[in-house]
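A short worksheet on the structure shown next.
The values are calculated or read from the model by the stated rules, or taken from the named source; none is laboratory data. For clarity, every value in this text was computed on a predicted model and none was experimentally measured. In this analysis, Cβ positions are derived from the backbone assuming ideal geometry, glycine residues included, and neighbour counts consider all displayed protein chains.
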Amino acid sequence: MSGAVSALDVRSVSKSYGATVALQDVSIELQPGEVHALLGENGAGKSTLVKILSGVVKPDVGAMRMGGEPYGPHSIVDARRRGVATAFQELSLVPNLTVAQNLSLPRQPKGSLGLVSGAATQKHGAAVLERFGLRLSPNAMVAGLTLAERQRLEITRAFACDPRVLILDEPTAALAETDWLFRLVRQATAAGAAVLYISHRLHEVRELCQRATVLRNGRSIGTVGLEDATDHTIFEMMVGRSQAEEMQHRTAAAQSTRPAVLQAQGLAGDSFKNISFTLREGEILGVAGLEGQGQRALFRALVGLAPLASGSVKVDGALVRLSGPDVALKTGRGIAFLPEERKTEGIFPALATASNIVLPVIGRVGRAGFVSERLEREAAAESSSQVDLNSRYLDFRIGDLSGGNQQKALLARAMQTGAKILLLYDPTRGVDVGTKQSIYAAIRSFAESGGSVLLYSSELPELVHLADRCLVVYGGRIFAEMPGGDINERTLVAALTGHSMQETAA
Amino acid sequence: MSANADAAAASAPGSNLSLAFRRGLTDGAGVVAILYVILFTLYALWDRSALTVSGVTNLSNNAAPLAIAAAGESLVVISKGFDLSVAGVVSLSNVLMASYPVEGPGGALVSLLICLGVGGAIGVVNGVLVAILRLQSIAATLGTMIMGQGLALVIMDAPGGTVADWVSYTLTDVLFGVMPISGLIVLAVVGLWLLFRHTDACTGLFAVGADETAASLSGISVVSARFTAFVGAGLLYGLAGFMLSVQTATGNPTAGTPFLMLTFAAVALGGVSLTGGRGSLVGAIIGAATLMLLQKVLFSGGVSSFYTGIFQGVVMVLAIVFGSLVSRLAATGARA
Amino acid sequence: MTSARPSAAVQPPADTRRTGRIRSETISTAAIFALAIILILASRFVSPALGSWDQVDTIITLASFLIVVAFGQGLVILVGGLDLSIASMITLGGVLATTWNGSFGPEWVLIPAVLLICACIGALNAVGVIWLAIPPFIMTMASGIIVASAALGYTSGTPRGASPDAFLALMKGSVGPISAVLIFVVIFVLLAWALQSATAFGRRLYAVGANREAARIAGVATWRPIMAAYAISAACAGFAGMMLVGYANGATLRMGDSYLLPSIASVVIGGSSILGGRGSFAATVGGAILLTTLGTVISALGMDQGWRTVIEGAIIVGALLLLREDLIARLRNRSAR
């Protein structure tokens, strides 16, 4: 392949948003006819790179070339014109327009008077759907489609431009099987297009891609040929060598004699079925799963934010109905929830950090209902030291802090409530290495003092490091349950992708 | 669950028609149209003159200004915004027409252009503040409304003045003895809307109102769409002020004040979703007509003004609750 | 689902600042009051009668109604809503206070009863907004129309009755050289500010307004602060109506109309976000005083009332442009380094 002109050549691209650095000196290169994987944990910078390549944002520094010519798109339309099309992870379909309209955006086919022709739009849409084997009605409203149908439509829209460079960001997140997509990808590469494939699913990546570039914390760590690189090598690149080595598996004392604090029996809801587990006092129960396997709905249902179609929950042995987070906090020994997205579900950006931390128990802070920032700071002092949050930051507006400190503050809030059961959803997402260690220490000491933790993490080394036991969620069910000694990355990776432990042990 | 199983129901025969019907219902215009028919029937029973040409003309003249203003407002609301400046533009247009009347058909044209100019100018200012400088639309248009209202007060500090005779006689009259001219003008606005419906700009408007990020990632210029909405709305407000002046034949610096609330009431009643992305100008126009007719019905029914306001308020709330219920049911039905 | 989430590869400079933050509320409050004071002082140059202590006293008296109403409106805006019914609630408060004066019972029963009625109507607004998912704009508009009609019908078009003595004393009386209204305004502003910025209740208002979902996740029963905000807003408007009645010794049916837009304007000029979750009552008071001062100065100068309105609108737009969150953030970052 050497000597051929690259389909896409990205050199030393950097991008910052205010004080936060999203990408630093990232380089990547795609050959025509290649399927190139882009790997990295959540927050590594993949989405920013996708936005830069698609023309949505401009890089601060760096240069890009396409087929030897300089490439610096001003907009999505410009990028499309140059031959770059993207299927976004956050689907870019407009919900109140039809399938056919979405396929022709932004400019729809015109009729005789120069006006948009519904018939021509429908015809064009039907032709595209036919060409790519998509059985949807061109006049169907996108809002009425299932998630899988929408994902297929998003992908189809990208392919329909006949691009020279195709970017697919988590294209299989909502698809049950991949044949259709892989066929399209192979057709496109056979015709000379280059494909940038972003996915968490390593076995898919191995099936489809030739090379992989790994991003970590905004930097490109390296590019490997997928035939030679092992899963372990790749994970090390994604997570960091020192971390993988230093993290020791948690030796847990015998847990089965401790009282059960949270018992779930046959829980079923929006995207999960037949979930049963028991969480004990002093235990850290890990939950592993790829994105979209039902774990998010499960966590939210456990705290009353999502509906439970059937099943029962017992807290401290008593049957309960958790109708909302406020109820959950007061049930039994208390359940506190740390949500997935701190920016949209967690912090109140304009309030001080101390105010953010003590909000759930603000009624107890101060006298006769009157509070002051000083009182809030005093009340938050203990929990903020538990999470190793510098007390200096308590006065700052939480919106001004780094993501890591914000996350620490949110964990402090969960602990401030006095709840003895914590539901933590990906607590170290998008957080730097040092902060991660502080958060791990806080979680461990919480468990050691008798608290119980249900911990979902998208980073396997974390689960290996922290969990006493681990549940693996796949397809909305508990696929496997691993006792402490069996938790290691290899078996976890296998389980995450639906292979049983027996298969990998062989 | 393969691609073959996807949305088999949607490709069933006849689905296009039922889809169109459901869309008409979910667009909200259907609900308010039914309401209007019921009201009109009641009115005709009470007052036989409602069915005469002069009765219909009366209704048309009465409703036209609000109908056109609501049409303009719905452009902004569909793109997920609020435009309070309607009151300012209407007052300003009315005051200019009454202070500087120009006779004859040519004069009418000049006056119309002045009104459109005023509305368009304020629309441009709104567009700059909201689309380009990204201020919150409700706050920014509050400012421009108050400024416009103030300018109207500066030009004319107390009610007075006279609108040119030609306009106030001719434009409140009928064409060919049957068709009220004000009604024709409203129909012309509807016609323009039906044309506009078939432009990329209009698709952009709906897209931006529903999901700004997705629209932008699909290549639509959000700035363009919002700017268009505000300028278009401003022009329509100017036209509404023109029609109001034609009807009242006099000037009043606070002529636009009642429009502030009535316009939004008409828009909401007409099924235009206040959260953007859904609705039709036609619905807003019928909503306006319904509100004005409601007033007339209550008046001619001998209902004291005590009840008028209560009725209007209750009708508004019920219509919105009912309308959102209907659209939610229809939407889940479309999914099946 | 992940989206563009920049990871902190480099420790951002924001966390290494030595000083604490400068609050945007402080900046806007200072700016507003400075502007008001400048206006008063500048008016002295035009005419010596302006800018005197008496004039300031008059301004505070005139602004008192707006200050009370703007507090309630500010609370509703803070939780992410809007209250268009306050004009009618002002009228209702005044009408009930005069009509029932003498026949309902002693004043110390009458006045709280009227306030309670207003609060209940405000609570009904909240019911519509929270549980029936009616947009606040429409819900409060509708209830305003209903209440206005009810008042019209109840008084048959002509409100009768005299103001309760308590309000006559409040608006016309004085304690020594200081007018009673001034003392009232000071006490009210302090209590109101404390309620919004120094109580657990106030904290919950900010949280709910900033992000209702996050507040829910953090364990706040979100309907309570929202309902309280609408109820307080209606009660404040009713109280202002009674103040107006004491000032004019009688009620009129449209007396609340001229306070609706200025109440929103005061909140906006004071730098509160129209979307909720941010703002300070102190700055809103500044906005109310600024608007009232503007009106007084303009009429004293013999200028057209129309110009007052134009300038009001210009101030609103100006405040929006200058008090944008991103501008203030830049100012803060620059001064903290």
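For this structure, a couple of remarks:
- All told, B:ALA108 falls short of being surrounded by 23 or more Cβ atoms within 10 Å (Cβ to Cβ), in a helix (DSSP H, G or I) and either facing another protein chain (nearest Cβ under 8 Å) or of a type in the set (A, V, I, L, M) (or both).
- Pick from region A:188-207, criterion assigned to a helix (DSSP H, G or I) and small (Gly, Ala, Ser), ranking: farthest from A:ILE167 (Cα to Cα): A:ALA190
- Pairs linking a residue in region A:368-391 that is outside the structural domain of A:GLY403 (by TED's automatic domain parsing) to a residue that is of a type outside the set (Lys, Arg) and at pLDDT 90 or above, with Cβ atoms under 8 Å and 6 or more positions apart or on different chains, do not occur.
- Residue in region A:132-148 that is closer than 30 Å to A:VAL5 by Cα and in contact (Cβ under 8 Å) with a residue 12 or more places away in the chain present: yes
Each row is one residue, and each column tells you yes or no for (1) in contact (Cβ under 8 Å) with a residue 12 or more places away in the chain; (2) surrounded by 21 or more Cβ atoms within 10 Å (Cβ to Cβ); (3) more than 9 Å from every other protein chain (Cβ to nearest Cβ).
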{"residue": "A:GLN101", "(1), (2), (3)": "yes, yes, no"}
{"residue": "A:LEU113", "(1), (2), (3)": "no, no, no"}
{"residue": "A:ALA126", "(1), (2), (3)": "yes, no, yes"}
{"residue": "A:ALA158", "(1), (2), (3)": "yes, yes, yes"}
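- Some residue of region C:128-144 being away from every other protein chain (no Cβ under 14 Å), within 25 Å of C:GLY94 (Cβ to Cβ) and touching a Ser or Thr at 6+ places or on another chain (Cβ under 9 Å): no
- Among (1) at pLDDT 90 or above; (2) crowded, with 21+ Cβ neighbours inside 10 Å - the single one B:GLY276 does not satisfy: (1)
- Scanning region A:451-463 for any residue that is surrounded by 24 or more Cβ atoms within 10 Å (Cβ to Cβ), within 9 Å of chain C (Cβ to nearest Cβ) and over 19 Å from the mean Cα position of the chain (by Cα) turns up nothing.
- Unmet requirement for A:ALA119, which otherwise passes all of (1) of a type in the set (A, V, I, L, M, F, W, C); (2) in contact with a strand residue (DSSP E or B) (Cβ under 8 Å, 6 or more places away or on another chain); (3) not assigned by TED's automatic domain parsing to the domain that holds A:ILE167: (2)
- Subset of region C:193-218 that is at the interface with chain A (Cβ under 7 Å from one of its Cβ atoms) and among the β-branched types (Val, Ile, Thr) - its residue that is farthest from A:ALA328 (Cα to Cα): C:THR199
- Scan of region A:110-134 for residues that are modelled with pLDDT under 90, on the phi < 0 side of the Ramachandran plot and in a loop (DSSP other than H, G, I, E, B), ordered by number: A:GLY111, A:SER112, A:LEU113, A:LEU115, A:SER117
- Count - residues of region A:86-99 that are more than 8 Å from every other protein chain (Cβ to nearest Cβ) and touching a Leu at 6+ places or on another chain (Cβ under 7 Å): 2
- Criterion (surrounded by fewer than 21 Cβ atoms within 10 Å (Cβ to Cβ), under 18 Å from the mean Cα position of the chain (by Cα) and within 10 Å of another protein chain (Cβ to nearest Cβ)) met by exactly one of B:ILE138, B:ILE155: B:ILE138
- In region A:370-382, residue farthest from the other protein chains (Cβ to nearest Cβ) [restricted to those that are in contact with a Leu (Cβ under 9 Å, 6 or more places away or on another chain) and surrounded by fewer than 24 Cβ atoms within 10 Å (Cβ to Cβ)]: A:ALA381
- Hits in region A:329-346 (condition: modelled with pLDDT of 90 or more, under 25 Å from the mean Cα position of the chain (by Cα) and more than 7 Å from chain C (Cβ to nearest Cβ)): A:ILE335, A:ALA336, A:LEU338
- In region A:1-85, counting only strands (runs of 3 or more DSSP E) that sit wholly within it, the ones holding 2 or more residues that are under 27 Å from the mean Cα position of the chain (by Cα), more than 22 Å from A:GLU170 (Cβ to Cβ) and within 14 Å of chain C (Cβ to nearest Cβ) span A:8-17, A:20-30.
- A single member of B:SER300, B:SER327 is polar (S, T, N, Q) and either at pLDDT 80 or above or surrounded by fewer than 18 Cβ atoms within 10 Å (Cβ to Cβ) (or both), and it is B:SER300.
- Residue match in region A:59-81 (condition: buried (at least 24 other Cβ atoms within 10 Å of the Cβ) and among the polar types (S, T, N, Q)): no
- Residue within region C:152-169 that is in contact (Cβ under 8 Å) with a residue 12 or more places away in the chain, assigned to a helix (DSSP H, G or I) and closer than 15 Å to B:GLN312 by Cβ present: yes
- The requirement of being part of a helix (DSSP H, G or I) and not basic (Lys, Arg) is satisfied by C:THR292.
- Any hit, region A:420-441, residues being out of contact with any strand residue (DSSP E or B) (no Cβ under 9 Å at 6 or more places or on another chain) and under 20 Å from A:GLY484 (Cα atoms): yes
- Residue match in region C:267-275 (condition: over 25 Å from C:VAL185 (Cα atoms) and within 13 Å of chain B (Cβ to nearest Cβ)): yes
- Of all residues in region B:180-205 being in contact (Cβ under 8 Å) with a residue 60 or more places away in the chain and surrounded by fewer than 24 Cβ atoms within 10 Å (Cβ to Cβ), the one that is nearest to the other protein chains (Cβ to nearest Cβ): B:TRP193
- Residues of region A:422-468 satisfying the condition of being in contact with a His (Cβ under 8 Å, 6 or more places away or on another chain) and assigned to a loop (DSSP other than H, G, I, E, B): A:SER458
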